[in-house]
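Here's the structure we're looking at; comments come further down.
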Amino acid sequence: MTPALAATIDAMESPKPLRIALISHDPQKQAMREWAVWNRGLLSRARICATGHTGKTVAEATGLEVRLLLPGPMGGDAQIAAMIAHKELDLVVFFWDPLGTQPHAADVRSLIRLAVLHDVAIACNRRTADLLVTSTMLGETGGVPASPIA
């Protein structure tokens with residue numbers, strides 16, 4: 001067997017980890033913390049990035065490594081939107097505050113719009129996040145199936 005063929009077979013048998021972005025507005029931080037602790041097993045097999053305070057909260061609660069981005073209002077939401085556009089994410093869990101006004105509302109709208117546009121799964125509340133991470137479409141290995149429209 002050639003080294004190239006062996007590498008291809010290894011890549012097929014070793015699925016890439018799920019790439020997850022976590023964001024939560026201040027009134028939703030506790031919900032995000034609880035969700036992350038509840039889903040620690042899944043998150044431990046994923047590559048996680050998060051906006052500043054959300055990432056620190058999740059890392060402290062779970063003990064997992066989290067790539068910290070800027071705080072949301074300082075550009076973190078925009079960083080995640082760019083990651084969506086560059087196809088660097090499989091799932092966004094974004095617990096936003098539906099009753100509050102945000103100084104970076106344009107970034108929030110852009111992030112949600114780009115997730116829909118680029119067919120990236122996005123959960124904006126705990127129930128949806130739970131449904132997505134328990135979906136059989138994630139597969140037994142935690143991988144994400146190719147989109148039929150991609």
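A single member of Asp107, Asp97, Asp77 is touching a helix residue (DSSP H, G or I) at 6+ places or on another chain (Cβ under 9 Å), under 22 Å from Gln30 (Cβ atoms), acidic (Asp, Glu) and surrounded by 14 or more Cβ atoms within 10 Å (Cβ to Cβ), and it is Asp77. Of all the numbered requirements in (1) at pLDDT 95 or above; (2) outside any strand (DSSP E or B), Ile20 misses one, and that requirement is (2). Thr51 meets the conditions (1) at pLDDT below 95; (2) touching a Pro at 6+ places or on another chain (Cβ under 9 Å); (3) β-branched (Val, Ile, Thr) in every case but one. The failed one is (1). Within segment 21-55, restricting attention to residues that are touching a strand residue (DSSP E or B) at 6+ places or on another chain (Cβ under 8 Å) and farther than 23 Å from Ala105 by Cβ, the residue that is surrounded by the most Cβ atoms within 10 Å (Cβ to Cβ) is Ala36. Does Leu91 satisfy the condition of being surrounded by fewer than 16 Cβ atoms within 10 Å (Cβ to Cβ) and modelled with pLDDT of 95 or more? So Leu91 fails the test. Please work out if Ala59 is of a type outside the set (Val, Ile, Thr), crowded, with 23+ Cβ neighbours inside 10 Å, without any contact (Cβ under 8 Å) to a residue 40 or more places away in the chain and part of a helix (DSSP H, G or I). No, not satisfied.
The values are calculated or read from the model by the stated rules, or taken from the named source; none is laboratory data. What you see is a predicted model; the values in this text were computed from it and never measured. Please note: Cβ atoms are built from the backbone with ideal geometry, for glycine as well, and neighbour counts cover all protein chains shown.
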